[in-house]
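**Student:** Next up is a structure, given as structure tokens.
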Amino acid sequence: PPPLLVRPPLGAMAAATVAVKFHIECSKTKPGDAVFVCGSAPELGAWKLDGAVPCATTGKVFPCWTSETVILPVTSTKIEFKVVIAAADGSKPDKATWEGGANRALHMPKTTDNKRAQITASCTWGEPEVTYRTKFASGAVVGSGTGRPNGMADGSDLSRIETASPFAPIAPDADDAGETDTVGELKPVSQMGRMSSRNMAFGPMFGGSSNNMSRRSSRHLCIGADGMMNTEMSRTPSLMLVEMDELENDCAEHEKEVEQLERDRLNSMQRRMPSGSLLQEMKEIIDTADKDNIVMLQGFNWESWRAGGGDWYSIVGQKVDIMKNMGITDVWLPPPSQSVAPQGYLPSQLFNLNASKYGNQASLEGLIKKLHEKEIRAVADIVVNHRCGDKQDSQGRWNQFSSGIESRPSFAGVMDWGGWAITLGDKFSDGTGENHPGGFDGKFDAAPDIDHKNQRVQQSISIWLRWLQLQVGFDAWRFDFVKGYAAQFVGLYCKKSAPSWAVGELWGDMNYDDSGLAHNQDGHRQDLVNWINATDKTSTAFDFTTKGILQEAVRNCQYWRLRDANGKPPGLIGWMPKYAVTFIDNHDTGSTQRHWPFPDDKVLVGYAYTITHPGIPSLFWDHVFDWGEHHRNQITELLKARRESGIPVDAPVKIMCADADLYLAEIGNPPALRVALGPRHAGDADGNYWQQGPAGNHYRVWVHRKPQDPKPEAPKKEAHKKEAPKAQDSKATPAAALPNVAVDGKVLTTESMQAMSKSDLSDIRGKLEAVSTAAQSIEASK
């Protein structure tokens, strides 16, 4: 970098030397790492890491790091520096992580004599301010908001120094040199509604407001009268400086603002940072989704591009409050890029979001902002198995691709591909590609098949995904048609973009026999398991196995299908519930395409199953917003029951009955939800444990009664009813009163027997009588 030293003005005599000690707050290190200070002065390494000043810490004071005293000659009024995380032993300097943002500035004191000054400079990783205290040999103390250094002609306060001179120790991409991106203007820290630093130790004592504190339990670097750091006070969260109620309100108000500022900063820097450093900082602002709480809504159908006068995004934006009230956490949006087909699934210029039939880029970004304000994540539909060329080659083949971005010069050429990006043997290929399709890759004939083994393709797609996150605001991915390319590439793209979570569409053929859909679908769900594992478990998968079995069961009253040979749910949720996204219909299976639709009159029965069972439930737009308010309210009640019961994504399922006309199961450990599906009555649940939940045609749900919710007393008139005492007593007998007896591998309880048919009960009695007779005979012989 160019020298950044500035000579002091004539007439001011600089001190011969300054003794500087650095205090850094940094919790981003890993075992074996250390914190270094590297700057423009030769004593700070002259921007070379091998000459940087190391800082040390201990288990007692971590994350506070302190350097040895550095003697700096005062040859300028300002020295710039940055904080660096690198290996403590000096190895792998190319793997060092330089903090982002502008350079920090250390302003050198001026005096009229040759007295040595002592400076203690304090800062926090990722925060732009430098707080320091200056002490002269004469005993005068300045800085930290309590005074000004002698000779400061303009009277500037040294309590807070804004760093403003850019410095990029990382070389920009080759195609990025000398270019400037056109992005929204970043808001200066001085214009923020609160302090962005957590190391201002003086707070409201010196005129600050408690509303300016940044975090509820932030640490502050406290400096003693001698200019040194008080490690004990610095380790203590400085809660005594704030009003807790005001702090809570302030944190809630500004947390999103700070996250957006950081997203904007990374957006402006993303083509000037190595992907490793960029991903590390992206992970700080993109939280990993908690699968226990995810409820996804597909926010469109096959015809949505026709609605809203070409602005479908505005229609979705009008429904955000309803989504929030329902408990929806994620909205899957349609493919955002320019496409040959209006639905978006034949994309061409991937960076061009203004030519989408769903609306332009500004409308999309506005919708995502609304979603984020309601703490709802935006899921992008990623279509990268194939891509349509927007130009022809000399032979008339549509295999020339352009990015479609003009506002960001640093992205120019990122997605400009030729025939080399297409798999060999494809009808659009010109023979310059590197690889044939994989042995198990599915074929998509409508567009060129992209070669994901090509590293240039991989890099381009990774850059585009990060742009969708940082520029547009997307949080998670839905990968389309993943059977067309190897699962390992989905894993690669997830690792190169760090989404909150991801889901893939692996729609394969189910197993059929002479009677129709086979009972055993283990092969089908094994394909889903294999795919998930091949992504290195970076992605979940839509549970097509559960959809196929469930819709067959409700259509033909064959609820026996909902239990596999091992007594578990027969879909992916029976094997890998943490990675299973259950659904009833989507834009392909339902909507106007209806390639594989769920029976319309049984949709709520389907949701009663998917919402109460393990896995990540996904809802379809039509069922929530196009089928009427009553239908939506019934889905909302099911979601409420799931949420209030607190069942995790991998909750165990105890299937108590799976007959032709009745499915009965309890979910959770201990049981938190109980659900019955089918036309046959399941009997009454134990009112001391269960309370009635949502119910409808052919479904009924119970929720575990909380300890503070006693069973309501029955009306007195019930006491005068004449009932057969024995029958009443039998029904009132709790399941725990029976001995632990199992027949054909099934534990018998009062509730499970109540759900059985007369023929089943007769069969059990016969088996138990045979056991009893044999036991009596053996007992008599002993």
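The values are calculated or read from the model by the stated rules, or taken from the named source; none is laboratory data. Quick caveat: nothing in here was measured; it's all calculated off a predicted structure. Cβ placement follows ideal geometry from the backbone for every residue including glycine, while neighbour counts extend to all protein chains displayed. Calculation scope for accessible area: heavy atoms of the full protein, side chains included, ligands and nucleic acids excluded. Shrake-Rupley method; radii C 1.70, N 1.55, O 1.52, S 1.80 Å.
**Student:** Checking the structure you have, find out if any residue of the stretch 420-439 is closer than 28 Å to SER407 by Cβ and open to solvent by 20 Å² or more (accessible area, probe 1.4 Å).
**Tutor:** yes
**Student:** Here are LYS453, LYS537: which of them is at positive phi, outside any helix (DSSP H, G or I) and open to solvent by 10 Å² or more (accessible area, probe 1.4 Å)? It would help to see each step written out before you state the result.
**Tutor:** On the way: LYS453 fails: at positive phi.
Exactly one residue qualifies, and that residue is LYS537.
**Student:** Here's a check for you: in the stretch 574-620, which residue that is under 21 Å from the mean Cα position of the chain (by Cα), among the hydrophobic types (A, V, I, L, M, F, W, C) and more than 17 Å from ARG632 (Cβ to Cβ) is surrounded by the fewest Cβ atoms within 10 Å (Cβ to Cβ)?
**Tutor:** First, the residues of the stretch 574-620 that are under 21 Å from the mean Cα position of the chain (by Cα): 576-583, 611, 614-620.
Then drop every residue that is not among the hydrophobic types (A, V, I, L, M, F, W, C), which leaves 576, 580-581, 583, 611, 616, 619-620.
Narrowing further to those that are more than 17 Å from ARG632 (Cβ to Cβ): 576, 580-581, 616.
On the way: MET576: 21, ALA580: 32, VAL581: 27, ILE616: 28.
Checked the stretch 574-620; the qualifying residue surrounded by the fewest Cβ atoms within 10 Å (Cβ to Cβ) is MET576.
**Student:** Under 8 Å between Cβ atoms, at least 6 apart or on separate chains: pull out the pairs that start in the stretch 618-645 with a residue that is within 14 Å of ILE322 (Cα to Cα) and end on any residue that is among the small types (Gly, Ala, Ser) and part of a helix (DSSP H, G or I).
**Tutor:** From the stretch 618-645, the pairs are TRP621/SER304.
**Student:** Please go through the stretch 29-50 and pick out each residue that is of a type in the set (Ser, Thr, Tyr) and under 10 Å from ILE85 (Cα atoms). Before the answer, list the steps.
**Tutor:** Going through the stretch 29-50, the residues of a type in the set (Ser, Thr, Tyr) turn out to be 29, 40.
Once the filter is applied, which keeps residues that are of a type in the set (Ser, Thr, Tyr) and under 10 Å from ILE85 (Cα atoms), the stretch 29-50 yields only THR29.
**Student:** A follow-up question, please. Which of the numbered conditions does ARG561 fail, given that it passes all the others? Conditions: (1) part of a helix (DSSP H, G or I); (2) under 25 Å from ASP330 (Cα atoms); (3) of a type outside the set (Ser, Thr, Tyr).
**Tutor:** Condition not satisfied by ARG561: (2).
**Student:** Got a sec? Which helices (runs of 4 or more DSSP H) wholly within the stretch 227-316 have at least 3 residues that are of a type in the set (D, E, K, R) and either closer than 19 Å to THR97 by Cα or modelled with pLDDT under 85 (or both)?
**Tutor:** Details: elements: 231-234, 244-269, 275-285.
Counting at least 3 such residues, we get 244-269, 275-285.
**Student:** May I ask you to list pairs of residues, at least six apart or on different chains, whose Cβ atoms are under 9 Å apart, with the first in the stretch 765-780 being closer than 14 Å to LEU748 by Cβ and the second being of a type outside the set (Ser, Thr, Tyr) and loosely packed, with under 10 Cβ neighbours inside 10 Å?
**Tutor:** Close Cβ pairs (under 9 Å, with a partner that is of a type outside the set (Ser, Thr, Tyr) and loosely packed, with under 10 Cβ neighbours inside 10 Å) amount to LYS767/ASP744.
Residues checked against (1) in a loop (DSSP other than H, G, I, E, B); (2) in contact with an Asp or Glu (Cβ under 9 Å, 6 or more places away or on another chain):
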{"residue": "ALA341", "(1), (2)": "yes, no"}
{"residue": "GLY344", "(1), (2)": "yes, yes"}
{"residue": "ALA355", "(1), (2)": "yes, no"}
{"residue": "GLU365", "(1), (2)": "no, no"}
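**Student:** Considering only residues of the stretch 413-422 that are in a loop (DSSP other than H, G, I, E, B) and modelled with pLDDT of 95 or more, which is farthest from the chain's Cα centre (by Cα)? Please lay out each step first, then the result.
**Tutor:** Just the residues of the stretch 413-422 that are in a loop (DSSP other than H, G, I, E, B), to begin with: 413-418.
Retained after the next criterion (residues that are modelled with pLDDT of 95 or more): 416-418.
Working: ASP416: 30, TRP417: 31, GLY418: 34 Å.
Per the stated criteria, the residue is GLY418.
Let's see how each residue does on (1) at pLDDT below 90; (2) among the polar types (S, T, N, Q):
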| site | (1), (2) |
| --- | --- |
| PRO3 | yes, no |
| ARG7 | yes, no |
| SER27 | yes, yes |
| ALA46 | no, no |
| GLY59 | yes, no |
| THR66 | no, yes |
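**Student:** Output the number of residues of the stretch 587-617 satisfying the condition of being within 12 Å of THR546 (Cβ to Cβ) and free of Cβ contacts under 8 Å to residues at least 40 places away in the same chain. So that I can check it myself, show each step before the final result.
**Tutor:** Residues of the stretch 587-617 that are within 12 Å of THR546 (Cβ to Cβ), as a first pass: 598, 606, 609-610, 613-617.
If we keep only those that are free of Cβ contacts under 8 Å to residues at least 40 places away in the same chain too, we end up with none.
Residues in the stretch 587-617 being within 12 Å of THR546 (Cβ to Cβ) and free of Cβ contacts under 8 Å to residues at least 40 places away in the same chain: 0 in total.
**Student:** Report whether or not PHE481 is on the phi > 0 side of the Ramachandran plot and modelled with pLDDT of 95 or more. So that I can check it myself, show each step before the final result.
**Tutor:** Working: on the phi > 0 side of the Ramachandran plot: yes; modelled with pLDDT of 95 or more: yes.
Taking the combined requirement at face value, the residue satisfies it.
**Student:** Only one of ALA695, ALA672, ALA658 is open to solvent by 30 Å² or more (accessible area, probe 1.4 Å), modelled with pLDDT of 95 or more and out of contact with any Cys (no Cβ under 8 Å at 6 or more places or on another chain); which?
**Tutor:** Working: ALA672 fails: open to solvent by 30 Å² or more (accessible area, probe 1.4 Å); ALA658 fails: open to solvent by 30 Å² or more (accessible area, probe 1.4 Å).
On inspection, the qualifying residue turns out to be ALA695.
**Student:** Sticking with this one: Please go through the stretch 398-412 and give me each residue that is part of a loop (DSSP other than H, G, I, E, B) and open to solvent by 40 Å² or more (accessible area, probe 1.4 Å), ordered by number.
**Tutor:** Initial filter on the stretch 398-412 (part of a loop (DSSP other than H, G, I, E, B)): 398-399, 401-408, 412.
Hits for the stretch 398-412 are TRP398, GLU406, SER407, ALA412.
**Student:** Can you name the number of the only condition in (1) of a type outside the set (Phe, Trp, Tyr); (2) under 19 Å from the mean Cα position of the chain (by Cα); (3) open to solvent by 20 Å² or more (accessible area, probe 1.4 Å) that LEU465 fails?
**Tutor:** (3)
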